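A.B. asks: I'd like to ask you about the structure that follows.
We did not get these values from a lab; they are worked out from the coordinates using the rules stated. In this text the structure is predicted, and so the values were computed from the model without any measurement. Using ideal geometry, Cβ is built from the backbone for each residue, glycine included, and neighbour counts are taken over all protein chains shown.
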Amino acid sequence: MRLIDADGTQLGIRSTSDARALADKQGMDLVEISPTANPPVCKIMNYGKFKYDQEKKSKDSRKNQAINRLKEVKFHVNVEEHDYQTKLRHAREFIEDGHRVKASLFFRGRENAHQELGFEVMKRVVKDAEPFASPESMPSKMGRALVMILGPRKGQLKSAAPSRPAVK
């Protein structure tokens, strides 16, 4: 087998027993790097540390991935003004935190006969959310609901968003 030392120097082609003896002498492990090569390539290394470093690299790469986060705010056709303002405020907070917002409006019972009222509520949401969000998809009918996706306005930076007061 072709043997590589812990510091990366090539030790040449050695027998398996000779390679194991060298690894034991250094207090390290003999790890097969490329079993399909001719001759196979082995390296003397601390396998526990190697495995730890690999896990750390994979964890860091997962941490840096962009996560598509979606929050939902639910409305009804006959939503009262205070409830509407509260839901709109929550949508603003979600968008300022970097989330996209799914605005859903559900029809119950006879409300299905007056879907134009639901579209009016959704148009109002688009108009009131205009300072901080823009619709990524316009309201569309899905079963008994209207669904719309809101995202942050183009060119709006997170630092430019007004900060929320701290709660004491």
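A.B. asks: If you stretched the chain out fully between Asp18 and Ala37, how much longer would it get, using 0.36 nm times the residue separation minus the C-alpha to C-alpha distance?
C.D. replies: Gain on stretching Asp18 to Ala37: 4.9 nm.
A.B. asks: Given the options Arg108, Arg89, Arg20, state which has the largest fluctuation in a GNM of the chain using a 10 Å cut-off (strictly under) for Cα springs.
C.D. replies: Maximum fluctuation in the GNM of the chain, among the listed residues, is at Arg20.
A.B. asks: Roughly speaking, what % of Cα-Cα pairs in the chain are separated by over 23 Å, rounded to a whole number?
C.D. replies: Taking all Cα-Cα pairs of the chain, the fraction more than 23 Å apart is 61 percent.
A.B. asks: Report the Cα centroid-to-centroid distance between the range 30-72 and the range 97-159 in angstrom, as an integer.
C.D. replies: Rounded to whole Å, the Cα centres lie 43 Å apart.
A.B. asks: Another question, if that's okay. Per Stokes-Einstein, at 10 °C and 1.306 mPa s, what whole-number D in µm² s⁻¹ belongs to the range 1-49, with the Kirkwood radius over Cα pairs as the hydrodynamic radius?
C.D. replies: Diffusion coefficient, whole number: 151 µm²/s.
A.B. asks: Still on this structure, I have one more. Treating cross-link reach as a plain straight distance, find the lysines whose alpha-carbon is under 22 Å from the alpha-carbon of Lys59, omitting any fewer than eight places away in the same chain.
C.D. replies: Lys49, Lys51
A.B. asks: Exposure proxy check: Met28, Met148, Met142 ranked by fewest other beta carbons within 10 Å?
C.D. replies: On the way: Met28 18, Met148 22, Met142 9.
So the residues, fewest neighbours to most, are Met142, Met28, Met148.
A.B. asks: For a quick check: with amide H placed at 1.01 Å from N, whose amide H comes under 5 Å from Leu11's, ignoring anything fewer than 5 positions away on the same chain?
C.D. replies: Leu3, Ile4, Asp5
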